[in-house]
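Participant: Here it is, the structure in full.
The values are calculated or read from the model by the stated rules, or taken from the named source; none is laboratory data. Computed from a predicted structure; not experimentally measured. Note: ideal-geometry Cβ built from the backbone for every residue, glycine included; neighbour counts use all protein chains shown. Quick note on the areas: whole protein, heavy atoms, side chains included, nothing else; ligands and nucleic acids left out. Shrake-Rupley method; radii C 1.70, N 1.55, O 1.52, S 1.80 Å.
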Amino acid sequence: MSALATSRSFRSLGGQVTIQAEGPGSEMAVEEAEELVHDLHRRLSRFEPESELCRLNADPCEAVPAGPLMLRFVESARMAGEATGGLVDSTLLAEVEKAGYIESIDPDAGITPPSVGTGDDELPPRVGDWSDLRVDPDLALVTRPPGLRLDSGGLGKGLAADIVAERLAGLETWAVECSGDLRFGGERGADRRIDVGSPVAGDDPVAHFVAPAGAVATSGVTRRSWQTDSGQSHHLIDPRTGRPAETGLIQVTAVAPTAVEAEYRAKAALLSGLDGALKWLVHGGVVVTDQLEVRAWDFERNM
């Protein structure tokens, strides 16, 4: 990297965030980008009781005033639900909590939840789903049935990567990784090699591709998992059952123009199983089965 290159790495969004940029103005751009990530974490974390997300989830009113970031997140959640026919539903927080994901998890920092029992109690009847989300940008309102709670999850990480990408646009070259979600590009148009990590900690990457720009997101069930009274559990809920997904796939990586799109494509592919995954990986992708078999589909450039 040149003398005009800047790199920062810090913990946020439940994992490691790294921002790199090169070119005139990169130092200020990266500094501002880091603050954008911290702001998003403060506003959208469900583990911060005073966050805007927690306040929205607890508000008894149907229409709730919201800031620009919250409006954009809710719009992304509705878009993901519509694009995937409801396979990606950001309103499954009660189901996520019942599965045992109650405390923040950051495997790389050694933060894992204690062994928990999921309990036999039935969940209360659902009050709605992603299709009940409405955004009014003119009035700065989010409308949803009271009691319908949102989980920022992977879409929040993807949104963070996309927002940082907007700040870094115009620089010679740049990349941002938000706890596994990646956006990269730059005016120089230089190719980058992107390695697709293994679901098994310590193993070599399972695939790679080369491209000058784009987004990559990985959805999996091995990193954020925990022990319960009835066995192993994880955070990825299948909206068709309300339980942790069991589809024969344990990791899917998707490529797309934006990180939000890559996020919902990866999750929809994993929830669709091996036979249905290809439908969602239109820009390319890699799947890993529960037998650790790897299947890769061509990326737009090469694999």
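Participant: Within region 63-84, count every residue that is in contact with a Leu (Cβ under 9 Å, 6 or more places away or on another chain), open to solvent by 50 Å² or more (accessible area, probe 1.4 Å) and assigned to a helix (DSSP H, G or I).
Facilitator: 3
Participant: Mind listing just one residue for me: the one in region 113-135 that is farther than 28 Å from Gly180 by Cβ and open to solvent by less than 50 Å² (accessible area, probe 1.4 Å) and, of those, modelled with the highest pLDDT?
Facilitator: By that ranking, first place goes to Gly128.
Participant: Counting just the residues of region 251-269 that are buried (at least 23 other Cβ atoms within 10 Å of the Cβ) and out of contact with any helix residue (DSSP H, G or I) (no Cβ under 7 Å at 6 or more places or on another chain), which one comes out nearest to Pro205 (Cα to Cα)?
Facilitator: Gln251
Participant: Among the residues of region 266-287, which ones are of a type outside the set (A, V, I, L, M), in contact (Cβ under 8 Å) with a residue 60 or more places away in the chain and in a helix (DSSP H, G or I)?
Facilitator: Lys267, Ser272, Trp280 - these are the residues of region 266-287 that are of a type outside the set (A, V, I, L, M), in contact (Cβ under 8 Å) with a residue 60 or more places away in the chain and in a helix (DSSP H, G or I).
Participant: Farther than 25 Å from Glu97 by Cβ and part of a loop (DSSP other than H, G, I, E, B): is that true of Pro60 in this structure?
Facilitator: The answer is no for Pro60.
Participant: Sticking with this one: Can you give me the number of residues within region 163-179 that are outside any strand (DSSP E or B), farther than 15 Å from Pro212 by Cβ and open to solvent by less than 10 Å² (accessible area, probe 1.4 Å)?
Facilitator: Residues in region 163-179 being outside any strand (DSSP E or B), farther than 15 Å from Pro212 by Cβ and open to solvent by less than 10 Å² (accessible area, probe 1.4 Å): 1 in total.
Participant: Condition first: basic (Lys, Arg), closer than 27 Å to Val74 by Cβ and not in a loop (DSSP other than H, G, I, E, B). Now tell me which residues in region 1-50 satisfy that.
Facilitator: Arg11, Arg42, Arg43
Participant: Something else about it: Do we have any residue at all in region 91-108 that's open to solvent by less than 20 Å² (accessible area, probe 1.4 Å), at pLDDT below 95, over 19 Å from Lys267 (Cβ atoms) and among the acidic types (Asp, Glu)?
Facilitator: Scanning region 91-108 turns up at least one residue that is open to solvent by less than 20 Å² (accessible area, probe 1.4 Å), at pLDDT below 95, over 19 Å from Lys267 (Cβ atoms) and among the acidic types (Asp, Glu).
Participant: So, one more: Just to be sure I understand, how many residues within region 33-60 are in contact with a helix residue (DSSP H, G or I) (Cβ under 6 Å, 6 or more places away or on another chain), under 20 Å from Trp174 (Cβ atoms) and either of a type in the set (D, E, K, R) or open to solvent by 20 Å² or more (accessible area, probe 1.4 Å) (or both)?
Facilitator: Adding up the residues that qualify gives 1.
Participant: Then there is this: Against the definition (closer than 30 Å to Pro24 by Cα, in a strand (DSSP E or B), among the charged types (D, E, K, R) and at pLDDT 90 or above), how does Arg193 come out, yes or no?
Facilitator: yes
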